Amino acid sequence: MPPPMTEVDKAPVSEQGNGLRTAISGKLLFVFILGDVLGAGIYALVGEIAGEVGGAVWVPLLVALAMAMLTASSYAELVTKYPRAGGAAVFAERAFRRPVVSFLVGFSMLAAGVTSAAGLSVAFAGDYLGAFLDVPTVPAALVFLAVVALLNARGIKESMRANVVMTIIEVSGLVLVVVLAGIVLGRGDGDIGRTMDFADGVNPAVAILAAALLAFYSFVGFETSANMAEEVHDVHRVYPRALFLSLTVAGAVYVAVGLAVSAVVPATDLADTSAPLLAVVSAADVGIPDKLFGAIALIAVANGALLTMIMASRLTYGMSNQGLLPSAAGRVLPRRRTPWVAILATTIVAMILAATGTVAALAETVVLLLLIVFVSTNLAVLVLRRDTVEHPHFRTPAVLPVLALVSCVVLATQQSAGTWLRAAVLLLVGVVLYAAMRWTRSLRSPEIVNS
């Protein structure tokens with residue numbers, strides 16, 4: 001049976017002492033999630049999806065949206081039921097009552113977040129930035145991560161405001177692609193029929209599943225919002241609305257973009273470029289400079305990195321408060337109320353990864369680590385059905401977490417052996433870290449009970 005609620009659990013987050021500042025409204029949360037989902041993935045992965053499935057790019061995007069919605073329903077229930085920074089690690093702790101499980105779930109989420117930010121920093125400092133500045137990739141990526149850390153440390157309101165501006169810009173870039181596609185089709189160019197074509201020599205069902213794995217990466221940003229629950233006003237009412245609305249809007253935009261790029265550019269050409277949306281701008285030839293759209297893509301990548309590092313620092317802070325990471329990681333700036341030690345630590349790790357990994361390798365590892373987290377969360381929502389709380393919260397139909405588990409397993413089977421190996425190495429680091437922490441604590445407290 002889950003542990004009984006304490007008086008702290010029963011109290012509203014804003015009344016629980018010196019925690020994080022409650023400063024996020026429903027509108028800001030909607031923009032936060034939308035900005036994290038509409039990130040660098042769609043700007044870079046459309047070509048990869050076309051290479052797997054052919055011109056029917058929108059189909060795996062729609063399948064990935066459905067899969068993301070299933071797991072999002074579990075997050076909506078658990079976040080509103082236990083609104084604490086820490087996200088999936090908090091859920092695992094209450095559901096499974098094994099510190100090592102909670103630690104590994106939180107560590108998987110943390111590793112995925114930091115790895116994703118590292119990959120985005122490398123993408124930012126690569127071809128996109130190269131169109132404007134001729135600078136080495138790694139130093140530029142490190143400087144970029146440092147700037148993100150400073151904005152993160154300045155305050156959640158400042159970070160969210162920056163997110164609002166960058167989200168508007170990146171969404172405008174996607175809308176621009178759809179409009180330009182309409183212009184191309186309107187003058188008689190392009191071929192709308194390509195949107196129903198599948199790649200030659202492949203089974204459509206198999207191709208859709210393989211492409212859905214890539215497309216899923218473009219939706220997984222929603223999970224970062226779970227770590228913002230402690231800073232959201234009226235979380236039980238606001239969070240589900242913001243979560244489902246943002247995913248719906250993102251899905252609609254992605255499907256529209258998928259239709260647009262396939263109608264304007266042949267799938268083989270999309271698969272051969274690392275800037276597939278820029279290919280649509282070039283094909284339209286309406287006087288929009290390539291550098292202008294390149295700047296929009298840079299902003300999209302930067303926004304994704306900022307939001308991911310916000311999540312990683314809040315997750316580190318939450319795990320510290322649970323005793324799963326050193327207590328120093330729970331320190332906050334006196335005036336800003338931002339977790340400065342957690343921000344510093346996650347930034348350093350992201351810098352190390354950025355200096356040693358490629359964008360492709362880092363992105364593949366992120367997806368698998370998040371699938372591990374999603375399996376834990378979907379199991380947790382079923383286990384915790386017997387745990388009651390005194391405040392209102394969202395409740396999802398029991399069949400949806402079950403379907404979500406099936407979808408996670410299916411997607412995991414599509415991962416390569418190399419990706420499994422990279423994820424295993426990262427998790428092994430987590431196991432070693434956990435063992436070292438328990439050993440240190442046992443020296444201070446010999447009576448510590450093994451879990």
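The values are calculated or read from the model by the stated rules, or taken from the named source; none is laboratory data. Treat the numbers as computed from the prediction; the structure is a model and nothing was measured. Glycine also receives a Cβ, built like all others from the backbone with ideal geometry; neighbour counts cover every protein chain displayed. Just so you know, the surface numbers come from the protein's heavy atoms only, side chains and all, with ligands and any DNA or RNA stripped out. Shrake-Rupley method; radii C 1.70, N 1.55, O 1.52, S 1.80 Å.
Data overview
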{"quantity": "Virtual spin-label span in nm between V178 and A252, 7 Å along Cα→Cβ", "calculated": "0.7"}
{"quantity": "Sequence of M319, M351, M67 when ordered by accessible area, the most exposed leading, probe 1.4 angstrom", "calculated": "M351, M67, M319"}
{"quantity": "Solvent-accessible area per residue, Å², over the chain with all protein chains present [probe radius 1.4 Å]", "calculated": "40"}
{"quantity": "Karplus-derived HN-Hα couplings along segment 352-358 (A = 6.51, B = -1.76, C = 1.60, θ = phi - 60°), whole Hz, x at Gly and Pro", "calculated": "4, 5, 4, 7, 10, x, 9"}
{"quantity": "Heavy atoms of I183 accessible to a 1.4 Å probe, total area in Å² rounded to 10", "calculated": "70"}
{"quantity": "Stretch gain in nm, segment V402-L133, where the contour uses 0.36 nm per residue and the Cα spacing is subtracted", "calculated": "91.9 nm"}
{"quantity": "Cβ charges +1 (Lys, Arg) and -1 (Asp, Glu), total dipole of segment 308-451, debye", "calculated": "460"}
{"quantity": "All Cα pairs of the chain, percent lying beyond 43 Å", "calculated": "11"}
{"quantity": "Inter-site label distance for T268 and S442 at 7 Å from Cα along Cβ, in nm", "calculated": "6.3"}
{"quantity": "With at most 11 neighbouring Cβ atoms within 10 Å, loop trypsin sites (Lys or Arg not before Pro) (DSSP) excluded, longest segment of the chain", "calculated": "1-186"}
{"quantity": "Carbon/sulfur fraction of accessible area - the chain, other protein chains in place, 1.4 Å, %", "calculated": "67"}
{"quantity": "Residue order for V147, V46 - accessible surface, 1.4 angstrom probe, largest first", "calculated": "V147, V46"}
{"quantity": "Residues R237 and T413, FRET efficiency given R0 of 41 Å [Cβ-Cβ distance, rounded to 0.05]", "calculated": "0.65"}
{"quantity": "Note, ³J(HN,Hα) from phi for segment 329-346, Karplus 6.51, -1.76, 1.60, rounded to Hz, x at Gly and Pro", "calculated": "5, x, 6, 10, 5, x, 8, 6, 6, 10, x, 5, 5, 5, 5, 4, 5, 5"}
{"quantity": "Length added when fully stretched, S282-V383, from 0.36 nm per residue minus Cα-Cα", "calculated": "31.2 nm"}
{"quantity": "Placed amide H near L333: partners under 5 Å, 5+ positions off or other chain", "calculated": "T338, W340"}
{"quantity": "Per-selection Rg to Rh, segment 299-442 - Cα, Kirkwood hydrodynamic radius", "calculated": "0.99"}
{"quantity": "Area of E364 that stays accessible when all protein chains are in place (1.4 Å probe, Å², to 10)", "calculated": "80"}
{"quantity": "Exposure of M69 as accessible area (Å², to 10), given a probe of 1.4 Å and all protein chains", "calculated": "50"}
{"quantity": "Linear extension gain, L245 paired with I352, 0.36 nm per residue minus alpha-carbon span", "calculated": "35.0 nm"}
{"quantity": "Protein-only accessible surface order, largest first, of L78, L259, L403 at 1.4 Å", "calculated": "L403, L259, L78"}
